[in-house]
Structures are given as C-alpha cells and as structure tokens.
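To keep things clear, I will list the structure first and then write my remarks on it.
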Amino acid sequence: MLYQTIKVFRWSLQIDDGESSRDAVYASRKKRASSILFLCSLSVALAEDFKAINGKEYKNARVSRVEPDGIVLVTSSGISKVYFIELPQEVQERFHYDAAKATAYSVQQAATQEAFRKQQEELRRTLAERS
C-alpha cells in the first residue's frame, strides 16, 4: 500500500511540459496540493488503538519500531514500549512474536546494559582517582 501511495505521489508531482496554459499550471498545483494533503492524512490513518491484556489502552498509536520482545508505540502522550506478553494473541501473531527470540533478545539487552553500567562505574572511579 505504501509503495502505491508513493507512486501516486510521484505521479502527482510531475509537470506536463507539453501544456503551458494557465489552466494546466493551476491543475498541476491543485494536484500537488491534494497529494500532499493525502500523505499528511495517511500518517493519521495509520494510527490505531491497542489494548493490553491488563486493560490499558493506547489510543491513536503509531508503531514506531518492532523489536523481538515488543513494539514501540508513539502516542500523543509520548513513546511507550509494550511487551508482547502484555498484548493479546492476535497482536502477537500480527507482529510475528516468537517467545524464544524474545527471551534471547532480552538476555542480550540486559548484558549490554550491564556492560554499559560497569563501564560507567569504571569511568567514575578513574575520574575520582584523578581528583
């Protein structure tokens, strides 16, 4: 769908050099403006509602990123990561949730965070020794 939208948008921006009348220029500008409006409204149309199994709702949310263990949603109130285990089965299936991949990803993320924490601790210790 997105490919077709881009194709229509590119087509609407083309100017027909064969017609140089004022009406042709006006029609071309009108076509461009309507295409831009369509693309702006498309981002709103892609927003949807998500409801977690605990009842929490995310209204007019746009999926920013899909990770192995959850999805990152952008709403009017901010950015939230919602884990697949908090979402209904149909949402998990839609985004191809795999529990084994999610577990491996979470373990890897925790290890990365721990390594970063140790690096920061070592840096603070080194700076304290220099003072």
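No value in this document is a laboratory result; all are computed from the given coordinates. This is a predicted model, so every value here is computed, not measured. As a convention, Cβ positions derive from the backbone with ideal geometry for all residues, glycine included, and neighbour counts pool all protein chains shown.
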Cross-link reach from Lys31 to aspartates and glutamates, straight Cα distance under 13 Å and at least 8 residues apart if same chain, gives Asp16, Asp23
Among Ser64, Ser76, Asn54, whose Cα lies farthest out toward the positive end of the dipole of the range 48-88, if unit charges sit on the beta carbon of Lys, Arg (+1) and Asp, Glu (-1)? Ser76
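Starting from 0.36 nm per residue, how many nanometres of slack lie between Lys118 and Ala52 once their C-alpha separation is accounted for?
Values: separation 66, 0.36 × 66 = 23.76 nm, distance 3.45 nm.
Full-extension gain reported as 20.3 nm.
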Ala110: net charge of surrounding residues, Cβ under 13 Å, Lys/Arg +1, Asp/Glu -1, itself excluded? 0
Starting at the first residue of the range 81-95, write each ³J(HN,Hα) from the Karplus equation 6.51 cos²θ - 1.76 cosθ + 1.60 with θ = phi - 60°, in whole Hz, x for Gly and Pro. 9, 10, 6, 4, 5, 8, 10, x, 4, 5, 6, 4, 5, 4, 9
Other-chain or far-sequence residues with amide H under 5 Å of Ala61's (modelled H): Glu48, Asp49, Phe50
